[in-house]
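Student: Next up is a structure, given as structure tokens.
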Amino acid sequence: GDDIEELATYINGQTDLVKASVGEGGKLQIFAGNNKVQGEIGFSGSLAGELGLGEGKNVTVDTIDVTTVQGAQESVAIVDAALKYVDSHRAELGAFQNRFNHAISNLDNINENVNASK
């Protein structure tokens, strides 16, 4: 119960690449909301033998059942990962928009100067 919740909290404080939560029946669930996690996620020490980890599965929005605790937590993890993706690219898109605005302003200025010189 409480130990698993503490473990989930600890995992969540270590990295943004994976999220952990406690599902129905006190089972630890670990979610990776993006493809940046490559290779295997490993646990060592005395905890490793006690976890009894099962096979991972690929979860998409189509396959989530939000009527269960596990499904609701999976959906939150997916939405959280999507929001982080958007946030990480928002600054990049803003920079592109800023450059385009300056290019348009410069072209307008050139056009005005060419027309004034005729």
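Student: Can you work out which of the residues in region 75-88 that are of a type in the set (A, V, I, L, M, F, W, C) and surrounded by 14 or more Cβ atoms within 10 Å (Cβ to Cβ) is modelled with the highest pLDDT?
Tutor: Pass one, region 75-88, residues of a type in the set (A, V, I, L, M, F, W, C): 76-79, 81-83, 86.
Narrowing the set further to residues that are surrounded by 14 or more Cβ atoms within 10 Å (Cβ to Cβ) leaves 76-78, 81.
Details: 76: 80, 77: 76, 78: 77, 81: 75.
By that ranking, first place goes to 76.
Student: Quick one: residue 65 ticks every box in (1) surrounded by 10 or more Cβ atoms within 10 Å (Cβ to Cβ); (2) part of a helix (DSSP H, G or I) except a single one, so which number is it?
Tutor: That leaves (2) as the condition not met.
Student: Give the residues of region 15-58 that are modelled with pLDDT of 70 or more, out of contact with any strand residue (DSSP E or B) (no Cβ under 7 Å at 6 or more places or on another chain), of a type outside the set (Gly, Ala, Ser) and over 19 Å from residue 83 (Cα atoms), sorted by residue number.
Tutor: Those that are modelled with pLDDT of 70 or more, out of contact with any strand residue (DSSP E or B) (no Cβ under 7 Å at 6 or more places or on another chain), of a type outside the set (Gly, Ala, Ser) and over 19 Å from residue 83 (Cα atoms): 24, 27.
Student: Of (1) among the small types (Gly, Ala, Ser); (2) loosely packed, with under 10 Cβ neighbours inside 10 Å; (3) modelled with pLDDT of 80 or more, residue 72 satisfies all except one. Which?
Tutor: (2)
The values are calculated or read from the model by the stated rules, or taken from the named source; none is laboratory data. What you see is a predicted model, and the numbers here were worked out from it, not measured in a lab. Quick reminder, even Gly has a Cβ in these numbers, built from the backbone with ideal geometry, and neighbours come from all protein chains shown.
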